[in-house]
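These notes concern the structure reproduced below.
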Amino acid sequence: EEFVFLFPETKLDDAIQSVEKIRKDIEKIEHKTAGKVTCSFGVTEYKKGDDLNSLFKRSDNALYTAKENGRNRVESSY
């Protein structure tokens, strides 16, 4: 599944820290059927001239980088 978290008026570094905390909290959960659950995240920041497509594409690229680099991690793209 893929979900979107929006952090209005938040700098990229602050958003990365927030998402890293969410990732660590999820990693602590032991699901009785699925076992350990982990998440990968792609984070980006709005750039002047962005539209939804460019913003989501950059975030999606960062997500796939996280998956390629071993999963259960946060990657960013600006």
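Here are a few things to note about the model shown:
- Residue in the range 33-48 that is part of a loop (DSSP other than H, G, I, E, B), over 16 Å from Glu75 (Cα atoms) and among the acidic types (Asp, Glu) present: no
- The range 27-51, residues that are open to solvent by less than 40 Å² (accessible area, probe 1.4 Å) and among the aliphatic types (A, V, I, L, M): Val43
- Residues that are over 9 Å from the mean Cα position of the chain (by Cα) and among the hydrophobic types (A, V, I, L, M, F, W, C), drawn from the range 16-50: Ile22, Ile26, Ile29, Ala34, Val37
- Just so you know, in the range 59-74 the residues that are touching a residue at least 24 places away in the same chain (Cβ under 8 Å), open to solvent by 40 Å² or more (accessible area, probe 1.4 Å) and not in a helix (DSSP H, G or I) include one that is farthest from Val19 (Cα to Cα), and it is Arg71.
- Odd one out for Phe56, checked against (1) among the hydrophobic types (A, V, I, L, M, F, W, C); (2) open to solvent by 40 Å² or more (accessible area, probe 1.4 Å); (3) touching a Lys or Arg at 6+ places or on another chain (Cβ under 9 Å): (3)
The values are calculated or read from the model by the stated rules, or taken from the named source; none is laboratory data. Bear in mind the structure is a predicted one, so any value in this text is a computation, not a measurement. Positions of Cβ are generated from backbone atoms using ideal geometry, with glycine treated the same way; all protein chains shown enter the neighbour counts. We work out accessible area using only protein heavy atoms, side chains counted, and drop any ligands, DNA or RNA first. Shrake-Rupley method; radii C 1.70, N 1.55, O 1.52, S 1.80 Å.
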